[in-house]
Every structure is written in C-alpha cells, then in structure tokens.
Amino acid sequence: MKQFPKLRQPVSYDSRQHEFPIIHGLHHWAFRCRNVEETRHFYEDVLGLPLAAAVTHDRVPSTGEFHPYYHIFFEMADGSYLAFFDLLDDKGYEPDPANPNWVNHLALEVSSREALEQAKHRLEAEGVEVLGIVDHKWFDSIYFFDPNGIRLELVFRTAPIEEMHRKFQNAARVLEGVDAKREQVRNQRGQVS
C-alpha cells in the first residue's frame, strides 16, 4: 500500500487539558446529496477520492425511523472520509439562506502549492468554476462548489510550524475584543443591540 506523507501535526492539542477521551481525528463528515451517482462521479472521478464504502438501508440505524437511503463514503489520504446521504427524493443539500454562501464550507488539505495549482486546472477542465488561488498569509486556497451546492476549499498550508505555535499562543487574545467588535459592527449597520 502506498504511504502518504503526514501533512499535519497537533499544535495546540494537549490530551491532558481535558478528562474527555482523546479525539484522534475526523472519521467522516456527512452531507445530503441530490443524486448518489452524480456525487460519486464528482468526488471519485474529478477529485480522485475513492468510493470506499456504500450502504443502503430502509431504516435509520440510530433512530429506527423508516427512511430509505444510500450512504456513500469517500476516503481521503489520511484515512478519514467524506460521506453523503441520498434520501432518494432528488433533493440535495440546502444551505441556510441566512448565511452568505462563503460561510459554511469544507476545507481539505493538499500537500503543496503545485498540487493546489494542479487541482485548480483539473477542476476548470471539468467545467467547475474556481475562485483563487487566495493567499490567506498562512495558507493558500481555492474555492468551488460540488454538484450539491456544497462549498469546498482546497488548502495548502504555507506557514511553518513555529508560526502555527504563535497563532495558538495568540488565539485567546484575539478573541478578547469580540464583544467590542460586535458592538462596533452593530452600530455601523445601524442595528440596535
């Protein structure tokens, strides 16, 4: 089996901070899809994620509710999965209309700037509209939508691990001003708090 480089290492996670069992990583993140084959094509044939598992049930295992569906899983190089439910009603993922379409998104990491550029070219060759490459000062990324209207981001982290440690050390300080900033934004928008 091919070995893949480990891209990330914990910067801030310390299992001694909590009594809760250690969460080692993402197993899967599940979304609703409109059509299981359309979704399979995009994630397997375009993004190159293998269809690792597919199940179908008439009843939901956790609730016992009668609701026939297909559930498909695509494996990423770290062994985690993206998963989708086709509820067999031709309805897909529906973003929250109260949120701008750039808020909710799924960001996936690639290994290099070259890989990010290759992904952009491949997506555009498949007719997918791509925004970026955007320089966020500690990672570069591209943005696009899957066939279900889910916004995806591919990321290449440019910051060295030392910078990530500094971000961790400064994170709580950044949030200290959130209440004052919220009030400032409300006033600028003319809203009453």
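At a glance:
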item: For the chain, calculated [θ]222 nm from helices alone, where every DSSP H run of n ≥ 4 adds -39500 (n - 2.57); result: -7000 deg cm²/dmol
item: FRET efficiency for residue 114 and residue 168, using Cβ-Cβ distance with R0 set to 22 Å, rounded to 0.05; result: 0.20
item: Where trypsin sites (Lys or Arg not before Pro) in DSSP loops with at most 16 other Cβ within 10 Å are excluded, longest remaining stretch of the chain; result: 9-90
item: Positive-pole candidate from 47, 172, 133, dipole of the chain, charges at beta carbon; result: 172
item: Extension gain from residue 58 to residue 27, taking 0.36 nm per residue of separation minus the Cα-Cα distance; result: 8.8 nm
item: Cα-based reach from residue 2 at 28 Å (exclusive), listing lysines while leaving out same-chain residues under 8 positions away; result: 120
item: Cα Rg, Dmax (largest Cα-Cα span) when computed across the range 13-94, Å; result: 15.3, 46
item: Only Lys, Arg (+1) and Asp, Glu (-1) charged, at Cβ; the range 13-94 dipole about Cα centre in debye; result: 160
item: Where chymotrypsin sites (Phe, Trp or Tyr not before Pro) fall in DSSP loop in the range 137-172, at most 16 other Cβ within 10 Å; result: 138
item: Approximate shape of the chain as ellipsoid semi-axes (Cα gyration tensor, √5λ), whole Å, largest first; result: 31, 24, 21
item: Of all DSSP beta bridges in the range 13-94, antiparallel share, percent nearest 5; result: 70
item: Rounded to 10°, Cα long-axis angle of helix 178-189 versus longest principal axis of the chain; result: 80
item: Two-site label geometry, residue 126 and residue 89: point separation in nm, points 7 Å out along Cα→Cβ; result: 2.8
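Only the coordinates and a few stated rules stand behind these numbers; no lab work does. All of these numbers come straight from a predicted model, not from anything done at the bench. Heads up, the Cβs are rebuilt from the backbone with ideal geometry, glycines too, and the neighbour counts pull from every protein chain shown.
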